[in-house]
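To start, the structure itself, in structure tokens.
The values are calculated or read from the model by the stated rules, or taken from the named source; none is laboratory data. Predicted, not measured: the structure shown is a model, and the values here were computed from it. Here the Cβ is made from the backbone with ideal geometry for all residues, glycine too, and neighbour counts use every protein chain on show.
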Amino acid sequence: MSRDGSKQTMLIQTVPPGASLYVRGEKVGQSPDFIEVNRSVSPKISVATKSGIREVQLESTYRWSQSFWRNLIFVVYAPVGWLIDLATGTAWENIEPAPIKLELASDDLKKPKIERTPPEAVIAPPRSSSVAMSDEGGRALERNLRDAFSNGESRRTVRPYNETLPQFVFHDYEFSTMKLNDRRRMLKALKADVVYESSVEESRDGWVLKSEGFDAYGPGKFPGPTLRLERDSQGPRVLGLGFGLKPWWSRILPDTVGIDFVNEQLSVEVKNQLFPLTPLYGDEWWSQGLRYISSINISSTPDRRREYGSRWEFSAVPALRVSRKRLQVQNLPPPTNGTIIEKDPQFSRWNVAAGYGLEVGYLFGRHYIYLDIIPVFNWSEITWRQGGSDRSATRTAVLVTTELGYTYIFDSNWLIRLFGRAQAENNEIWSDALAARLGAEYTSTAAIGAVSGLTIGYRFDVDRFTARPLEE
């Protein structure tokens, strides 16, 4: 039940620095360094000295919240979880005064650690209310720090912001709200000496970014630049207009285009019995390729990086879906008047649904769980062959669509969404089509649609910003 797993990342320091560190007989680094230690009731690390290997016993405590109470959710199966946690070590939390410091004699190091010269600095994504603002602030920080370091203000190098950004996003970086273990895993992967963190605050005439550097291996802090951010007047526009909406309100604009790959269950009720509407596909390659593609989906997705680690979303969001299918009603009962009808009639259906509605969601890192309740304006057209000619029925209606789903947002703005949807389906148009094709006896009394599947989509930025040094 714990995403931390059976390993815990710990910062080990020695005085003096440079001691070789071992875990279970395997060298894992030189102090100061972030090392992974197996969780256990009696965790240990080893330090190599000239006089031999020195074993260091660490303390641990039982993880009541992550092991006992979370496994208790499964009631009768809870003992299985407890036993697994105890066997793998996940049940224990290694206690560490942050960081762990080991005292050694000044001449006890076997091989002093070679320090990186000059030290490397990385830039964390600025804490902001939007991705576009955060990324522009990060790139501006990189330019400003690079200029400052090249002018001799500090002996440091700056790695490109776009190069280290994937590492921060992969580790679900969330400024000061990160758990210590998650933060140390991220610092271990970055292999940087200094991390510059920043936040963007709204001011009267724009936004101000304030930054500060932190020593990755110690308590040291370094002053960082302060920048002003402004909305770019030449940035993304909608219908030629730059709306300049605040981030919360910008969600009323569609910003995500995707394709639905689904398992769609449509049915009509005739004579108090449900009959499935089975999709039909031709032999052409393009028709076979469309077998699982339900529709083009235009919607809105929240920014993947936010001011806080977790955040509830209450938004008015748009939805637009367009689909075309060829459907067959199967195994209809014979009519009571004895006339002959086609038992499995076929229809072609165009469907367009567009509307705005309520979305309640929970965003944490790149993960988003949501519930949509959206009234939609629905336009449908059904066509069929009858008497050697094409006939059609067209209807409009206001219906309600509900959707429960999970979205995983990648760093490149691509996303995958898993969902289940109670789809709005216009019963009146099916009544028109069935009655015209088969007779009034086959008028439908209900039309039901349920869809489950995934969306592959792209979220495009609806805003752009520029940054410059803050004038004193």
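Among the candidates Glu359, Glu381, the residue that is more than 18 Å from Ser315 (Cβ to Cβ) and acidic (Asp, Glu) is uniquely Glu381.
I'd like the residue in segment 337-368 that is aliphatic (A, V, I, L, M) and assigned to a strand (DSSP E or B) and, out of all such residues, is nearest to Tyr408 (Cα to Cα).
Leu363
Identify all residues within segment 60-74 that are assigned to a helix (DSSP H, G or I) and surrounded by 12 or more Cβ atoms within 10 Å (Cβ to Cβ); write none if there are none. Matches in segment 60-74: Gln66, Ser67, Phe68, Trp69, Arg70, Asn71, Leu72. Residue count for segment 285-311, restricted to those that are closer than 30 Å to Ser198 by Cα and modelled with pLDDT of 80 or more: 2. For residues that are closer than 19 Å to Glu269 by Cα and modelled with pLDDT of 80 or more, scanning just segment 334-350, find the one that is surrounded by the fewest Cβ atoms within 10 Å (Cβ to Cβ). Selected residue: Asp344. Please determine, by comparing only the residues of segment 1-59 that are loosely packed, with under 13 Cβ neighbours inside 10 Å and of a type in the set (Lys, Arg), which one is nearest to Lys191 (Cα to Cα). If we take residues in segment 1-59 being loosely packed, with under 13 Cβ neighbours inside 10 Å and of a type in the set (Lys, Arg), then Lys27 is nearest to Lys191 (Cα to Cα). Checking the stated criteria, Glu202 turns out not to satisfy the condition of being modelled with pLDDT of 90 or more, charged (D, E, K, R) and within 26 Å of the chain's Cα centre (by Cα).
Within segment 211-262, the set of residues being of a type in the set (Asp, Glu) and either modelled with pLDDT of 80 or more or over 29 Å from the mean Cα position of the chain (by Cα) (or both) comprises Glu212, Asp215, Glu230, Asp255, Asp260.
Every residue, every condition in (1) out of contact with any Lys or Arg (no Cβ under 7 Å at 6 or more places or on another chain); (2) modelled with pLDDT under 90; (3) buried (at least 21 other Cβ atoms within 10 Å of the Cβ), yes or no:
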| position | (1), (2), (3) |
| --- | --- |
| Asn151 | yes, yes, no |
| Phe170 | yes, yes, no |
| Phe175 | no, yes, no |
| Tyr196 | yes, no, yes |
| Val208 | no, no, no |
